[in-house]
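In what follows, a single structure is set out as structure tokens and then discussed.
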């Protein structure tokens, strides 16, 4: 049962192959087995590739099955259409388009399986790329908020500097009236005289102005810091909104690009493996000698070709004979006087009818 199934997969004519030896049947069963398992590998590869794209088991299995059947039918067609010839060079020319197609199929089958085999290494590459993209994303978003935050910080520094300058001014006034009271500066008279009182009042006025400035500027600083906090919160929200896009950077194309960044030699050997699997049925037919099946198939096709040529020859002979007979018949009839007189009479009647019809038409026109 299994042998018959693999023979079916090889695309061979089962009726002809039943007349051949067991060795010939085993050869085509092996070719069919290779075609079948290539289709199975194509199903697995395409299902995994589709799962990485759509993240749905049922969708991936359904379309993976369709792809596997497509590859099975294509391989079966390729193998069944290669005919054994007397010259290996002619066979190679015949098989060259099919070998090119087999290489393309091998690439398509091997790539998804490479993605699965090197999944951990690809995940590491993708993780590094995601981290780099996260940093770049934060830097790009920061460019939108950094100028505003820098400007606000500059304003805060100005407010603080105003307070510091005012404090320095008040401290200087304090030192002035203390020095006046101690007699170290000013009038150099010890005691709290009129000059001392004047300088003390000026200090007290500036101290009150300092307190008012502190209150006013602290309110401005608090408002500016609140604005900075809002910008920082908005920046964090933007980062949180864009991060899922980076986290979802795990599609098929991203994985293929990540695979290309890994060492090429392991992937190349995997491709060679699938290329060998895909081309093995073709190579088996090219390298195998002409067997009983090929001879019987060639005999059957030759018989059909000969029968077709015979039918064409018979049709040509029949056509030629019929033409010669018709020519002789019409040549004999052309010499009969009775046929001549009959056609002469009919021609006269036809001309009379045409003349009458023309007369009637002209009469209607002239009124």
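The values are calculated or read from the model by the stated rules, or taken from the named source; none is laboratory data. Quick caveat: nothing in here was measured; it's all calculated off a predicted structure. Cβ atoms come from the backbone with ideal geometry, glycine included; neighbour counts cover every protein chain shown.
Structure data summary
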| item | result |
| --- | --- |
| Subset of segment 240-280 (residues that are assigned to a helix (DSSP H, G or I), touching a helix residue (DSSP H, G or I) at 6+ places or on another chain (Cβ under 6 Å) and over 21 Å from residue 41 (Cα atoms)) | 242, 246, 258 |
| Meets criteria (in a helix (DSSP H, G or I), more than 27 Å from the chain's Cα centre (by Cα) and buried (at least 20 other Cβ atoms within 10 Å of the Cβ)) for residue 109 | no |
| Residue among 311, 213, 283 that is without any contact (Cβ under 8 Å) to a residue 60 or more places away in the chain, surrounded by fewer than 13 Cβ atoms within 10 Å (Cβ to Cβ) and assigned to a helix (DSSP H, G or I) | 311 |
| Candidate set: segment 9-58, residues that are assigned to a loop (DSSP other than H, G, I, E, B) and over 35 Å from the mean Cα position of the chain (by Cα); chosen: the one surrounded by the most Cβ atoms within 10 Å (Cβ to Cβ) | 12 |
| Test: residue in segment 121-134 that is touching a helix residue (DSSP H, G or I) at 6+ places or on another chain (Cβ under 9 Å), in a helix (DSSP H, G or I) and within 30 Å of residue 279 (Cα to Cα) | yes |
| Subset tally (residues that are modelled with pLDDT of 85 or more and either crowded, with 16+ Cβ neighbours inside 10 Å or under 13 Å from residue 111 (Cα atoms) (or both)) for segment 236-256 | 1 |
